[in-house]
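Structure, as structure tokens:
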Amino acid sequence: MRSPIRVVLADDQTLVRAGFRSILDHEDDISVIAEAGDGSEAVRLAAAERPDVVLMDIRMPVLDGLEATRRIVADERLRDVKVVILTTFDLDDYVYGALKAGASGFMVKDTEPTELIHAVRVAARGDALLAPSVTRRLIAEFAARIKEPPPSVELNALTDREREVLGLVASGLSNDEIAERLVVSPATAKTHVSRVLTKLRARDRAQLVVLAYESGLVRPGWLG
């Protein structure tokens, strides 16, 4: 039997943390191991506990969630810790920055309990970016503000098929959906994604999405 997914909750609102804990702890394969009331505490707990997932609010005292995410991602010892940003639509500007800083994805705070549980599981296994339809819309919006994407030397290392796979990852497709689109096996699709991650030295799929848009490989509205 696999060990439960270990989660740290970081939010300055006690009731929000209590609500999320009650939902997650009810699942046999998820365990909330600690709670943080500010970003600084979240960074400390991430280093001390090495959780699988940190659910990170953005607006918190002492240190905001964006900077806390940067610090966790920058720590090589915490490379396996996935940060999922908790946001509301009026904080969209922060979302793009968080993904660029290395967050593995994001979700809206008023999400349904089943979606919260699914998000934690998805983030833990690093299989797909969270809420692909929302992610695509948000990233496309900010990518549209980039007038001329700088040339990407890293993309030159990719084969034509790997570029195609990167584009599909950027559209929010899972490995299974990529396999269906390319008419290959899920194992082959997973191999392609792994090679792209390695060649681009990306932490996870979320970083691939940002890179694909910023490099101009994918344009707003692509596959929309």
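The values are calculated or read from the model by the stated rules, or taken from the named source; none is laboratory data. What you see is a predicted model; the values in this text were computed from it and never measured. These accessible areas exclude ligands, DNA and RNA; they are computed on the full protein's heavy atoms, side chains included. Shrake-Rupley method; radii C 1.70, N 1.55, O 1.52, S 1.80 Å.
Structure above, values below:
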quantity	calculated
For GLU76, solvent-accessible area (1.4 Å; no DNA, RNA or ligand), Å²	120 Å²
Per-residue HN-Hα couplings for the range 196-203 [Karplus 6.51, -1.76, 1.60; θ = phi - 60°; Hz; x = Gly/Pro]	5, 4, 5, 5, 8, 6, 8, 5
Contact order normalised by residue count of the range 11-92, Cα under 8 Å, 6+ apart, percent	28 percent
In sequence order, calculated HN-Hα J values of the range 77-85 (Karplus, 6.51, -1.76, 1.60; Hz; x Gly/Pro)	5, 10, 4, 8, 7, 9, 9, 10, 7
